[in-house]
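Everything on this sheet refers to the single structure shown next.
The values are calculated or read from the model by the stated rules, or taken from the named source; none is laboratory data. These figures come from a predicted structure and were not determined experimentally. Cβ placement follows ideal geometry from the backbone for every residue including glycine, while neighbour counts extend to all protein chains displayed. Calculation scope for accessible area: heavy atoms of the full protein, side chains included, ligands and nucleic acids excluded. Shrake-Rupley method; radii C 1.70, N 1.55, O 1.52, S 1.80 Å.
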Amino acid sequence: MLSNANLPKSFWAEAASTAYFLINQSPSVAIEKKTPQEVWPGNPADFSDLKIFGCPVYAHVDNEKLEPRSIKCVFLGYKAGVKRTRRETKPLRKYAEADLVAYALNVVEDIDANQEPSNYSEASPAQWYKRFDSFMTSYDFKRSSFENCVYFKKNSDGSFVYLLLYVDDMLIAAKDKGEIRTVKAQLSEEIEMKDLGPAKKILGMKILRDRKSDDKIEYMSHVPFSSAVGSLMYAMVCSCPNLSCAVSAISRYMPNPGKEHWKAVQWILRYLQDTTDVCLQFGRTRDEVIGYVDADFARDLDRRRSLIGYVFTIGGCTISWKATLQNTITLSTTEAEYIAIIEACKEAI
């Protein structure tokens, strides 16, 4: 169809849509030589408005008396949702759209007209993409052979700038923020666009960033974070129940600690240094086993889990203690308290 109409490949979507429409208007042996139009909506097929794909057509425009009342266009398909017996045509800004023309160009002899559409609403998707592709290639961007909506450019230092296009939404990625600002400035000069800032979501997917710089990663590689946390765990289990909550918090970041976590470890070590005269003291009292338990609600901001803590004493001295996150996510403070009590009862038994 494109070859017979002498149209470029960029109009493949219009050709496919026209072929789909003609198939639904053609009789089929599978449905007793009826047309899908007759079987599904129940209306008889009307062939009086059929046109040859790519033929010249004229769209009506409201000009002055001595001006032409129509413009010459290219027939590119059938507009959905329009009755076939209706002949009225309507102009659509720079490009006319008639009842029987899905997308019309006002220069039939030359598809690449001198006047390009200034925004997406004035052109067909194919024409918009063609203009955008021409703009990107003019700035040394190359189109990916695997995905036509992905463009990339290699800089002199070996780094790359990537641009992803989805309809009229764009996502720019580069190692250098200056490169991103340059691309946005170039796009702003060519097309009307709105900068939405750092990307937070694309195609329904949330984007999370690890803001750690290389110097921070290098710094943490020389810090004995795991060894320090292990030593604090040993002290907590043996003689320092007052460290349970703090050690439980810092141990969650063992796989990927940062400078803030290392500072927290240093604070705990300073606390131990200043409380070397504090110890567990066992004495003779008539007190039996006494237990204390408590829980917060969704204090962990990363996983929304609640923190449980309990301690048991006998003779006035601590004999068992624990502070950890609950295994399940609770929906209320009452549920968090019930789970904490259950864990404490199991320890008491």
Q) Can you name the condition, by its number, that Pro257 falls short on among (1) in contact (Cβ under 8 Å) with a residue 24 or more places away in the chain; (2) in a helix (DSSP H, G or I)? A) (2)
(Q) Go through (1) out of contact with any Gly (no Cβ under 8 Å at 6 or more places or on another chain); (2) exposed (fewer than 15 other Cβ atoms within 10 Å of the Cβ); (3) among the hydrophobic types (A, V, I, L, M, F, W, C) for Phe282 and report which single condition fails. (A) (1)
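For region 236-252, how many residues meet the condition of being assigned to a helix (DSSP H, G or I), within 24 Å of Asp300 (Cα to Cα) and over 42 Å from the mean Cα position of the chain (by Cα)? Don't jump to the end; show me each part of the working.
Residues of region 236-252 that are assigned to a helix (DSSP H, G or I), as a first pass: 236-238, 241-252.
Checking the rest, the ones that are also within 24 Å of Asp300 (Cα to Cα) come to 236-237, 241-252.
Right, trim to over 42 Å from the mean Cα position of the chain (by Cα) and you get 236-237, 241-242.
Going through region 236-252 one residue at a time, the tally reaches 4.
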Q) Is there a residue being surrounded by 15 or more Cβ atoms within 10 Å (Cβ to Cβ), in contact with a strand residue (DSSP E or B) (Cβ under 6 Å, 6 or more places away or on another chain) and of a type in the set (Lys, Arg) anywhere in region 289-305? A) yes
**Q.** Unmet requirement for Tyr310, which otherwise passes all of (1) within 35 Å of the chain's Cα centre (by Cα); (2) open to solvent by less than 70 Å² (accessible area, probe 1.4 Å); (3) not basic (Lys, Arg)
**A.** (1)
Q) Which members of region 45-81 meet the condition of being of a type in the set (Gly, Ala, Ser), closer than 23 Å to Ala126 by Cβ, out of contact with any helix residue (DSSP H, G or I) (no Cβ under 9 Å at 6 or more places or on another chain) and modelled with pLDDT of 75 or more? A) Ala59
Q: Any residue in region 15-31 that's closer than 24 Å to Phe75 by Cα: show its pairings with residues that are at pLDDT 85 or above at Cβ separation under 6 Å, as long as the two are six or more apart or on different chains.
A: Ala15/Met1; Ala15/Leu2; Thr18/Phe53
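Take the conditions out of contact with any Gly (no Cβ under 7 Å at 6 or more places or on another chain), modelled with pLDDT under 85 and open to solvent by 90 Å² or more (accessible area, probe 1.4 Å) and apply them to Leu100. Does it pass?
Working: out of contact with any Gly (no Cβ under 7 Å at 6 or more places or on another chain): yes; modelled with pLDDT under 85: yes; open to solvent by 90 Å² or more (accessible area, probe 1.4 Å): no.
In short, no.
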Q: Say whether the condition of being among the β-branched types (Val, Ile, Thr), touching a residue at least 12 places away in the same chain (Cβ under 8 Å), in contact with a Phe, Trp or Tyr (Cβ under 6 Å, 6 or more places away or on another chain) and surrounded by 15 or more Cβ atoms within 10 Å (Cβ to Cβ) is met by at least one residue in region 324-339.
A: no
